[in-house]
Amino acid sequence: MTRIVPVPQHLDHLSLDQLAAGLGPWPPDSRLLVDAHATEWSSPAGFVALLTLGQALAELGAPTPELTLPVTEGVASYWAKAGVLRHAEQLFQLHGKVPRRRVDETSDILLPLTIIRNAADVMEIVGRLTEQATQILKHELGLESSVVVGFGQSLSEACQNIVEHAGTAGWVAVHVYVYRKRLSGRKVAVIAVSDCGIGFRRSLDATQGKRFGDRWGDAQAIETALIHGISRFRDPGRGQGLTGIKRYLARWEGKISIRSGTARVAIVPAWDDEPPRMEGLPWFPGSQVTIVIPGEERST
Amino acid sequence: MSAIIRLDIVLHETVATAYCDLVTRPTGAAVRHRVITVLRGLPDDNAELDFSEVGLMDFSCADEVVAKLLVETIGLRIPRLRLRGVRDHHAEAIQFALARYDLVIVAVLAASPEPMLLGSAPEDWRTAFRALTRLGRAPALPVAEVLAWPVDRTVDALHGLANHRCVVEHPDATFEPGAAA
């Protein structure tokens, strides 16, 4: 038996809920076929989530899932360019024409899909991005130097959350694209980080669970970390990562959205309309963090 | 005399990296341990951590390298520990890291030779520190006169700064902001 898990036509951090809804029971009672044949576009959040799913199944010892690649011209090629396929072929049995395109760090892909296993990976990612992407962030998005530095700090902290809290490896990607509707064509830089680790609730259970009693759950756990800056460590210096990201985003009208388990909590700037707290979502493994930094408003 | 510890060099002695960024907690902890080893080997000297060649520093590293360093060096015989070559984003990360512990440190920013306090310091401390910096080594009275404060208030502020190793209190009841000031 194989369960078909449809991938939405547009896969992003919100439509990930549809992908999660297709997973069925967890652990799966049958082999999964992740069907992206009709997918036309994916944000970096979609890419890292797909790999997280593959990794979660591998860590379960489940049968290797299948992944049907997009058929729309150029889409699978873009997936290759974004570094998705080189990792996906380790985690999925790929179906469809696999483009042999090289991974590309161009103006829209600041950081191709990259695995995060340890602190050394985070150092490499931040160093590489700082070295190569600074000019793009400054010139294409019109970000000031101080905003670019904060971007690097936020990337570092988001990636470190995996090393410090997930208990397993994770994935990161950084892209630039245009928000035509929400920001009238302004460019944004998006950091997407995902892991299939223990999630926010389990990470904070031992130290925070009792405080909240019946109210304790995925949404409360994300809020505890994101809004109140509380970490599972009692060390007063801990919990600075998300707090620092939040401070940075508040200053530059950025957005952060965190999904873990069955909840998603977002700090939403005025330009966006994502609900700040969603509960009872279909379960998805681990945690997914999406950070959006808008570029400057340019007169046309 | 001040011993200058270049953090970019310590970073490369400690961690195999091609970059000059202070990022991640394990890196920050490793750099801090190395700095403490260097500090232990110094005579009873002032010490300055030099950020001039450090690239990006994240919030976790600010906690590990500066805040926890201050906590762990309380027992060491260093009259003053200062930061230099600090850029704005370093300063901001350090400011927030120190505030969590109620700690304060003297820093000289890359953009300005004027030393300043980073971290959790009452406004009186900051004002007294600026006045002492302008005066150089001085007893409390001239500082009080410059600020038009009662002497008790001035002494309280200067003692607070001395207890946090932001200034040195000499046996002759003078206070000194230090060589960098």
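The values are calculated or read from the model by the stated rules, or taken from the named source; none is laboratory data. Since the structure is predicted, the reported quantities are computational estimates derived from the model, not experimental observations. Neighbour counts are summed over all protein chains in view; Cβ atoms, including those assigned to glycine, are modelled from backbone coordinates with ideal geometry. Ligands, DNA and RNA are excluded from the accessible area calculation, which covers all protein heavy atoms including side chains. Shrake-Rupley method; radii C 1.70, N 1.55, O 1.52, S 1.80 Å.
In the condition set (1) within 12 Å of chain A (Cβ to nearest Cβ); (2) at pLDDT 95 or above, B:Glu53 is compliant with all but (1). Just give me the residues in the stretch B:117-156 being assigned to a loop (DSSP other than H, G, I, E, B) and of a type in the set (A, V, I, L, M, F, W, C), in sequence order. Answer for the stretch B:117-156, where residues must be assigned to a loop (DSSP other than H, G, I, E, B) and of a type in the set (A, V, I, L, M, F, W, C): B:Ala121, B:Ala148, B:Trp149.
For the stretch B:97-130, taking the residues that are among the aromatic types (Phe, Trp, Tyr) and at pLDDT 95 or above, the one that is farthest from B:Ser2 (Cα to Cα) is identified as B:Trp125. Set side by side, the residues A:Val5, A:Val48, A:Val34 differ, and just one is open to solvent by less than 10 Å² (accessible area, probe 1.4 Å) and in contact with a Gly (Cβ under 6 Å, 6 or more places away or on another chain), which is A:Val5. Suppose the filter is assigned to a helix (DSSP H, G or I), open to solvent by less than 10 Å² (accessible area, probe 1.4 Å), over 19 Å from A:Pro276 (Cβ atoms) and out of contact with any strand residue (DSSP E or B) (no Cβ under 6 Å at 6 or more places or on another chain); does A:Glu164 pass it? No; evaluated as a whole, the condition is false for this residue. The residues on offer are A:Gly74, A:Gly46, A:Gly83, and the sole one that is without any contact (Cβ under 8 Å) to a residue 24 or more places away in the chain and within 25 Å of A:Ile191 (Cα to Cα) is A:Gly74. Just wondering, is there one or more residues in the stretch B:7-15 that are touching a Phe, Trp or Tyr at 6+ places or on another chain (Cβ under 8 Å), modelled with pLDDT of 95 or more and not aromatic (Phe, Trp, Tyr)? Yes, the stretch B:7-15 contains a residue that is touching a Phe, Trp or Tyr at 6+ places or on another chain (Cβ under 8 Å), modelled with pLDDT of 95 or more and not aromatic (Phe, Trp, Tyr). Can A:Ala158 be described as at pLDDT 90 or above, within 14 Å of chain B (Cβ to nearest Cβ) and closer than 19 Å to A:Val48 by Cβ? Against the criterion (at pLDDT 90 or above, within 14 Å of chain B (Cβ to nearest Cβ) and closer than 19 Å to A:Val48 by Cβ), A:Ala158 qualifies. Every test in (1) under 18 Å from A:Gln18 (Cβ atoms); (2) surrounded by 24 or more Cβ atoms within 10 Å (Cβ to Cβ); (3) in contact with a Phe, Trp or Tyr (Cβ under 8 Å, 6 or more places away or on another chain) is passed by A:Gln288 save one, and that test is (3).
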